[in-house]
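Just below is one structure, and these are the notes that go with it.
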Amino acid sequence: MKKARVATIWLDGCSGCHMSFLDMDERLVELSEYMDVVYSPYVDQKEFPSDVDLTIVEGALSTDHDIEMIKKIRKNSKKILALGDCAVTGNISAMKNLFGTEAVMQKAYFDLVDHNESGKYPQEIVPTLLDKVIPLNEAVDIDYFVPGCPTPADAIYEVLKAVLEGKEINISELTRFGK
Ligand code: SF4
């Protein structure tokens, strides 16, 4: 059987959902019979590949770089799985929307630091923040939504196995928002 080419990426997330992925422990060995991880924070691959079967995306979209990446991922992936509440709804990442970009930048680069020598926000070495943090499906079509904060490892395993085997699965029996 041909192995599925699987990518994982975190955008505006805390990496907790990727830690949960690793919590599948020895079941990762079992899954490696069915998939090759071709791009991920877990592997040393710099460029997002062009022919991915499934991309698992953690995190919301909060910068121009996130938007660029999710569009590239959509173009290069047959299926996209939104992993975790940030990817599905915005969740913690979208709390910035309560205050606005200007107030958040002021807090991060002036109020919470002892001294900002430049007297201005960094503009050349960091991506530009969007006015509003959005979940993945507000930018591109998403094939699977798997909530949880973080999504439990057992749920990731069951969903991934079903997707790789082309079987249907009731995700609401495995995880829920905030779990
Ligand atoms: S859903 Fe929770 S654990 Fe996952 S990236 Fe967001 S804050 Fe982190």
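The values are calculated or read from the model by the stated rules, or taken from the named source; none is laboratory data. Since we're looking at a predicted model, the values are computed, not measured. Positions of Cβ are backbone-derived with ideal geometry, glycine not excepted, and every protein chain shown enters the neighbour counts.
Taking the range 57-101, which residues are more than 10 Å from the ligand (Cβ to nearest atom), closer than 25 Å to GLU165 by Cα and free of Cβ contacts under 8 Å to residues at least 60 places away in the same chain?
Those that are more than 10 Å from the ligand (Cβ to nearest atom), closer than 25 Å to GLU165 by Cα and free of Cβ contacts under 8 Å to residues at least 60 places away in the same chain: LYS75, ASN76, LYS78.
Against the condition farther than 30 Å from VAL29 by Cβ, surrounded by 12 or more Cβ atoms within 10 Å (Cβ to Cβ), modelled with pLDDT of 95 or more and small (Gly, Ala, Ser), how does ALA162 come out, does it pass?
So ALA162 fails the test.
State which residue is farthest from the ligand (Cβ to nearest atom) when the search covers only the range 23-42 and only residues that are under 16 Å from SER77 (Cβ atoms) and more than 14 Å from the chain's Cα centre (by Cα).
Among those residues, the one meeting the criterion is ASP36.
Can you tell which of LYS107, LYS167, LYS72, LYS79 is within 17 Å of the chain's Cα centre (by Cα) and over 23 Å from GLY16 (Cα atoms)?
LYS72 is the lone residue from the list that is within 17 Å of the chain's Cα centre (by Cα) and over 23 Å from GLY16 (Cα atoms).
Residues in the range 49-77 that are surrounded by fewer than 20 Cβ atoms within 10 Å (Cβ to Cβ) and out of contact with any Lys or Arg (no Cβ under 9 Å at 6 or more places or on another chain): how many?
11
When only residues in the range 117-158 that are touching a residue at least 60 places away in the same chain (Cβ under 8 Å) and of a type in the set (Gly, Ala, Ser) count, which is nearest to the ligand (Cβ to nearest atom)?
Going through the qualifying residues, I end up with GLY148.
Against the condition away from the ligand (no atom under 16 Å from the Cβ), more than 23 Å from VAL146 (Cβ to Cβ) and part of a loop (DSSP other than H, G, I, E, B), how does ASP114 come out, does it pass?
Yes.
Quick check on this structure: which one of LEU98, LEU129, LEU61 is hydrophobic (A, V, I, L, M, F, W, C), farther than 30 Å from PRO152 by Cβ and out of contact with any Phe, Trp or Tyr (no Cβ under 9 Å at 6 or more places or on another chain)?
LEU129
Quick check on my filter: what residues within the range 1-22 are within 16 Å of the ligand (Cβ to nearest atom) and buried (at least 16 other Cβ atoms within 10 Å of the Cβ)?
THR8, ILE9, TRP10, LEU11, ASP12, GLY13, CYS14, GLY16, CYS17, HIS18, SER20, PHE21
Return yes when VAL29 is farther than 29 Å from TYR144 by Cβ and either at pLDDT 95 or above or surrounded by 13 or more Cβ atoms within 10 Å (Cβ to Cβ) (or both) and no when it is not.
Here the answer is no, as VAL29 does not meet what is asked.
Residue under question is LYS46, and the condition is that it be exposed (fewer than 15 other Cβ atoms within 10 Å of the Cβ), modelled with pLDDT of 95 or more and under 18 Å from the mean Cα position of the chain (by Cα); does it hold?
no
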